[in-house]
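Working notes, structure below.
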Amino acid sequence: MRRRVARRLCLLVAALALTGPVTLAGAQPAGAAAVAFPAVHVRTATLALSGQITGAQEKIDITGSLFVTVVTRTNTGGGGTARIISALGPTTGVGQTTGGRYLFVGADSNVVSWPPGPITPLIASPAFLQVNPFFPPGPIVPPHPIHFVSVGVTVTGDGEIDDIVALINVIEDPDNR
C-alpha cells in the first residue's frame, strides 16, 4: 500500500511541477531578470495518536496512528497553498463507562493557503468516520463523520515544510461536528 501511495504522490508532484510556466534558458534576452518559478515541497510523517474525546454516549480513550502527507506550492508573489492529506492507520477507542470498543477510519484532504511571510502555522481539521461500538454489547450504528484531530504544519515563506504535528481535539458537543 505504501508503494501505491508513494507512486501516486510522485505523480501528483510531477503534475504540480508541470503546471508552472516553462522558459528555456536560451530563450531569455541577455540581461533579462530570472523568472521566479513556483516551488513544490513534499513531506510525510507518521504520527502517534493518543487522547480522549467525548462521544455521543461516553468519553472515549483513543489510540492509533495518523499518516500525513503535505504538498506545498508557492505563488510567484509570495505565500502559497498546502494540500494536507491525512489518513488514519489502525485507530481504536475504548469507552470509559461501558468499555465498548470504537473504530475510527478514513482519510481526508484539506487545502490551506498561507500569506507571504517568514514562517506560517497551518491548521487542518480532517473528517474521519467513527464506528460506534463495533462489538457487542452496544448496538451497531452507521458510521458518522467526526473531526477529532487537528493537523498542524509549519511552513516557511518559500514553502519548505518545517514540522508536522497532530493533536486529538476535546469534543465537548458531539452533535456539533
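Modelled label positions at residue 162 and residue 105, each set 7 Å beyond Cα in the direction of Cβ, lie 3.8 nm from each other.
Charge tally around residue 95: other residues with Cβ under 11 Å, Lys/Arg +1 each, Asp/Glu -1 each, net 0. The residues packed around residue 72, meaning those with a beta-carbon under 15 Å from its beta-carbon, carry a net charge of -1 if Lys and Arg are +1 and Asp and Glu are -1. Average accessible surface for the stretch 43-105: 43 Å² per residue, computed with a 1.4 Å probe over protein heavy atoms with every protein chain in place. Computed from the C-beta positions of residue 65 and residue 129, the FRET efficiency with R₀ = 22 Å rounds to 0.85.
Across the alpha-carbon atoms of the stretch 72-130, the computed radius of gyration and Dmax are 17.0, 55 angstrom.
The values are calculated or read from the model by the stated rules, or taken from the named source; none is laboratory data. Bear in mind that the values here come from a model prediction, so they are computed numbers and not experimental data. Cβ atoms come from the backbone with ideal geometry, glycine included; neighbour counts cover every protein chain shown. Just so you know, the surface numbers come from the protein's heavy atoms only, side chains and all, with ligands and any DNA or RNA stripped out. Shrake-Rupley method; radii C 1.70, N 1.55, O 1.52, S 1.80 Å.
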